[in-house]
Amino acid sequence: MSLVVVGSMAFDAIETPFGKSDKIVGGAATYIAWCATNFTPVKQISVVGGDFPAEELKALEARGVNLEGVQIKKEEKSFFWSGRYHMDMNSRDTLVTELNVLANFEPKVPESYQDCDFLMLGNLVPSVQRSVIEQLRNRPKLIVMDTMNFWMDTMPDELHKTIKMVDVLMVNDSEARQLSGQYSLVKAAEVILQMGPKYLVIKKGEHGALLFHGKQVFFAPALPLEEVFDPTGAGDTFAGGFIGHLAKTKDISFENMKTAIIIGSALASFCVEKFGTTRLREIKPADITERIEEFVQLVHFDINLE
């Protein structure tokens, strides 16, 4: 059984009302890998430039990430994104996007990745995500896809083609509304589930996450935090916890996905406490268990209507 993760490994420069970072390591696949390896080894598919730090790759390998599927283009630069968050920490302005190596990225699935049972497609060009699915000889047990409004605006047809091939789609609430043309998230979910996926996860940032499957709905809150320092990568961290738990337990039932959503939310709550992947490198299994317990307590209540 193996988990394959596809996505960007990149540099970010982030400004929030509480501070700013210089160029730091980021990218969807980086956050997903740091997070999912709490539960299971990861086989990574990505591309970096010659400027990507070798010690970062070593740290991931030491963590249980197989980098055979990561292309290193020595003559080129890694993907770079710079953004500034507003006071509400949910909205942000993109200041710089330099695609660099991602502009012509053609992922190649190594032979050793063909045992893929769980596939996590981090946010990328939809055709690139699709090409990984098409290169696998056997369909994975579960394919999870994250995407964003940029692809809805620029290549809706490509996006729809890829959505049709996945089991779980992850979007945030504004993207769910844009993709479906519906304001109500329940109606939005109905429309999106008709596009192909069996499950839909709608991320609502500091307001938690929703899981839809047929007529079933589950809501997980977000932990009220005193400090939210940097929300970059929180959605990817959530995805890493979600797919990591499912790959570890090999159980893709709706009930187990509820647990996966709580675990994803718990890990995302760590991610926002410091810039970049800093906090994800520090946490231990005991910290994760304790945080999950906090989530359980947050929503637990006894009720007596006598």
Once both labels are modelled 7 Å past Cα along the beta-carbon direction, what's the residue 88-residue 306 spacing in nm? 4.5
Between residue 217 and residue 152, 0.36 nm times their residue separation minus their Cα-Cα distance comes to what? 20.9 nm
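So what is the orientation-averaged projected area of the chain, using the convex hull of its C-alpha atoms, in nm²? All intermediate terms of the calculation are to be shown ahead of the outcome.
On the way: hull surface 64.3 nm².
Projected area, direction-averaged: 16.1 nm².
Starting from 0.36 nm per residue, how many nanometres of slack lie between residue 161 and residue 296 once their C-alpha separation is accounted for?
Numbers: separation 135, 0.36 × 135 = 48.60 nm, distance 3.76 nm.
Computed gain between residue 161 and residue 296 is 44.8 nm.
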Do the sum for the chain: with -39,500 (n - 2.57) for every DSSP H run of n ≥ 4, divided by all residues, what is the mean residue ellipticity at 222 nm, to the nearest 500 deg cm²/dmol? -11000 deg cm²/dmol
With Cβ to Cβ distances under 10 Å as the rule, what net charge do the other residues near residue 128 carry (K, R +1; D, E -1)? -1
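Counting Lys +1, Arg +1, Asp -1, Glu -1, what net charge surrounds residue 266 among other residues with beta carbon under 11 Å of its beta carbon? Intermediate results must be reported in sequence, preceding the final value.
Numbers: positive: 291; negative: 287, 290, 293, 294.
Net of charged neighbours comes to -3.
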Partners for residue 74 among aspartates and glutamates (Cα-Cα distance below 18 Å; same-chain residues under 8 apart left out): 51, 55, 56, 98, 106
Which of 190, 61, 282 moves most in a GNM of the chain, Cα contacts under 10 Å? 282
Would you mind counting up the charge near residue 214? Only other residues with Cβ under 11 Å from its Cβ, with Lys and Arg at +1 and Asp and Glu at -1. +1
Rounded to whole Å, give me the distance from the Cα center of segment 11-70 to that of segment 197-240. 21
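We did not get these values from a lab; they are worked out from the coordinates using the rules stated. Note that the structure is predicted; figures quoted are calculated from it, not measured. Here the Cβ is made from the backbone with ideal geometry for all residues, glycine too, and neighbour counts use every protein chain on show.
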